[in-house]
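What follows is a short report on a single structure.
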Amino acid sequence: MIKHRRIVRVTATALVAVAVGGLSASARGQPAVNAAIEWNAIASTAAAGQPPHVVPLSLAMVQSAVYDAVNAIDGGHEPYVVSPPANPSDSKEAAVATAAFRVLVGFRDDERDPPLPGLFPVQRDSVLQPLYDASLATVPNGDAKTGGIAVGEAAAAAMLTARANDGRGGDFKFVEGFDPGEWRLGPPQGPTGIVARDPAPWVGFVKPFLVPDVEMLRSDGPNALTSAAYAEDFNEVKELGSLTSETRTADQTAAAIFWQDSGPLIWNRVYRALATSRELDIVDSARLFAMTNLAAADGSIGCWNDKAHWSSWRPITAIREAASDGNPATEAEPNWLPLFDPSVPVSGPPLVTPGFPDHPSGHTCVSGATVHTLRAFFGTDKVPFTAVSNKCSPAPCPLRSFDRFSDALKEIIDARVWGGIHFRTADMQGAVLGKKVVHYMEKHYFRPTR
């Protein structure tokens, strides 16, 4: 049993209490919720319909534009893409709302020449325009508001221009193999014979947001099929990840299901709770959301590129076809099923083996980047926090609380094994890939200017 993790049933926004460093001078004594927190929630909701490995790319675009807009007014750190002309008196609230809104919906031909497409233009009239109007209504009319809007529009336009033709939506498809160890789609699961397929395999070939070359994130790769390390991973997931496992505990089952909610959306709830409970001002909140989501985006891109490079089989295939792996320490079980099976009741899409290669784990690539960014931002790993998931039936799940950022990462690594969808090596190396992203970011981005 993991002793550092607590399950609680209270609201998540008031559970972080820790002294932190590295914050701007005005960070304390601010309103509990600022415009950066508000628009992170709006952007997260707008992106919620995307596949989990696409969400970080969208949120990275929104949050980095928000950061550039606020930072242009504040001037405390280096810009990410651009530092638009700004006055210290310009409204940061108007700048945040405008930068986020414009990245989400874009600029139509009657608003800019040439127009710039946004991420979710179909959500503009019915959802996002009213929210934007409501945000601007809280800012007094005058030069500060006008200036903030102009700064936000400039930051958003720079972001949309910088990310045009960056590879999103490309035509790459994972290629199925037939030899031992090679990835192929999982067998049909559940009474309707579900076979998951990746709706966005192109993620691995998108231009990275931080690192200059995705190759620098390459992992060490899966264990050789005939190795003792492979057999150890194989037998662990075969036992603990089985649908009918007699050794997996109830809490481990709960954790596996909890973390199968969209990882980026879980983490952005955590970011908002941290920003709220720590009373971060709008400047620090914008920087927190940009750093975490940019790192997660490169974690996702690097991970999907690595998956394409190694193209390794999933546990359900490996266990059913173990007679062909050449390892005397593994034994085939032709009808083996993982915990992640459609027969397990959950909210949202059914549990099933994902439709892309095993190595490395997408969740741990993103969570590794997230955890190491949070440690860098707060200057410590020891920050208690609570996470919220909507995967359980009924939703939400019982909340899960942690004493350290790294405690959550350890549980996520375990949870992917408990779910029966990853070998431990894929989980561990995914976390390392995410850490590599953050090491590069710390050396080259978000450096203070004063």
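The values are calculated or read from the model by the stated rules, or taken from the named source; none is laboratory data. Not measured: the values here are computed from a predicted model. Cβ placement follows ideal geometry from the backbone for every residue including glycine, while neighbour counts extend to all protein chains displayed. Just the protein is used for accessible areas: all its heavy atoms, side chains included, with ligands, DNA and RNA removed. Shrake-Rupley method; radii C 1.70, N 1.55, O 1.52, S 1.80 Å.
Quick check on Ala86: is it more than 23 Å from the chain's Cα centre (by Cα) and not in a loop (DSSP other than H, G, I, E, B)? Before you say what the answer is, go through the steps one by one.
Details: more than 23 Å from the chain's Cα centre (by Cα): yes; not in a loop (DSSP other than H, G, I, E, B): no.
Judged against the criteria, Ala86 is not a match.
If you go through region 315-331 one residue at a time, do you hit one that is assigned to a loop (DSSP other than H, G, I, E, B) and buried (at least 24 other Cβ atoms within 10 Å of the Cβ)? Break it down into steps so the answer makes sense when it comes.
At the first step, the residues of region 315-331 found to be assigned to a loop (DSSP other than H, G, I, E, B) are 321, 325-331.
Adding the requirement that they be buried (at least 24 other Cβ atoms within 10 Å of the Cβ) leaves none.
No, that holds for no residue.
Six or more apart or on different chains, Cβ atoms under 6 Å: show the pairs whose first residue is in region 428-450 and in contact (Cβ under 8 Å) with a residue 60 or more places away in the chain and at positive phi and whose second is surrounded by 17 or more Cβ atoms within 10 Å (Cβ to Cβ) and among the aliphatic types (A, V, I, L, M).
Cβ pairs passing all conditions: Phe446/Met291.
On the given criteria, is Thr98 open to solvent by 30 Å² or more (accessible area, probe 1.4 Å) and of a type in the set (Ser, Thr, Tyr)?
Numbers: open to solvent by 30 Å² or more (accessible area, probe 1.4 Å): no; of a type in the set (Ser, Thr, Tyr): yes.
It is false that Thr98 is open to solvent by 30 Å² or more (accessible area, probe 1.4 Å) and of a type in the set (Ser, Thr, Tyr).
For region 39-49, what are the residues that are touching a residue at least 12 places away in the same chain (Cβ under 8 Å) and more than 11 Å from the chain's Cα centre (by Cα)?
Here is the first cut: in region 39-49, the residues touching a residue at least 12 places away in the same chain (Cβ under 8 Å) are 39-44, 46-48.
Trp39, Asn40, Ala41, Ile42, Ala43, Ala46, Ala47, Ala48 - these are the residues of region 39-49 that are touching a residue at least 12 places away in the same chain (Cβ under 8 Å) and more than 11 Å from the chain's Cα centre (by Cα).
Residue-by-condition table, conditions (1) surrounded by fewer than 18 Cβ atoms within 10 Å (Cβ to Cβ); (2) touching a Phe, Trp or Tyr at 6+ places or on another chain (Cβ under 9 Å):
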site	(1), (2)
Gly142	yes, no
Gly152	no, yes
Ala158	no, no
Arg168	no, yes
Lys173	yes, yes
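Go through region 201-239 and report how many residues are hydrophobic (A, V, I, L, M, F, W, C) and out of contact with any Gly (no Cβ under 8 Å at 6 or more places or on another chain). Talk me through it step by step, then tell me what you get.
Of the residues in region 201-239, the ones hydrophobic (A, V, I, L, M, F, W, C) are 202-203, 205-206, 209-211, 214, 216-217, 224-225, 228-229, 231, 234, 237.
Then drop every residue that is not out of contact with any Gly (no Cβ under 8 Å at 6 or more places or on another chain), which leaves 203, 209-210, 216, 224, 228-229, 231, 234.
Residues in region 201-239 being hydrophobic (A, V, I, L, M, F, W, C) and out of contact with any Gly (no Cβ under 8 Å at 6 or more places or on another chain): 9 in total.
I need a count of the residues in region 128-141 that are farther than 19 Å from Ala36 by Cβ and part of a helix (DSSP H, G or I).
Qualifying residue count for the region: 2.
Of these, Gln50, Gln63, which one is assigned to a loop (DSSP other than H, G, I, E, B) and not charged (D, E, K, R)? Spell out how you get there, then give the answer.
Numbers: Gln63 fails: assigned to a loop (DSSP other than H, G, I, E, B).
The unique qualifying residue is Gln50.
Among the residues of region 104-115, is any of a type outside the set (Lys, Arg) and crowded, with 24+ Cβ neighbours inside 10 Å?
Taking region 104-115 as the starting set, the residues that turn out to be of a type outside the set (Lys, Arg) are 104-107, 109-111, 113-115.
With the extra rule that they be crowded, with 24+ Cβ neighbours inside 10 Å, the set shrinks to 104-105.
Yes - at least one qualifying residue is present in region 104-115.
Look at Pro180 and say whether it is crowded, with 20+ Cβ neighbours inside 10 Å, in contact (Cβ under 8 Å) with a residue 24 or more places away in the chain and not in a helix (DSSP H, G or I).
Numbers: crowded, with 20+ Cβ neighbours inside 10 Å: no; in contact (Cβ under 8 Å) with a residue 24 or more places away in the chain: yes; not in a helix (DSSP H, G or I): yes.
Judged against the criteria, Pro180 is not a match.
What number of residues within region 121-140 satisfy the criterion of being surrounded by fewer than 20 Cβ atoms within 10 Å (Cβ to Cβ), touching a residue at least 60 places away in the same chain (Cβ under 8 Å) and not aliphatic (A, V, I, L, M)?
Total satisfying the criteria: 1.
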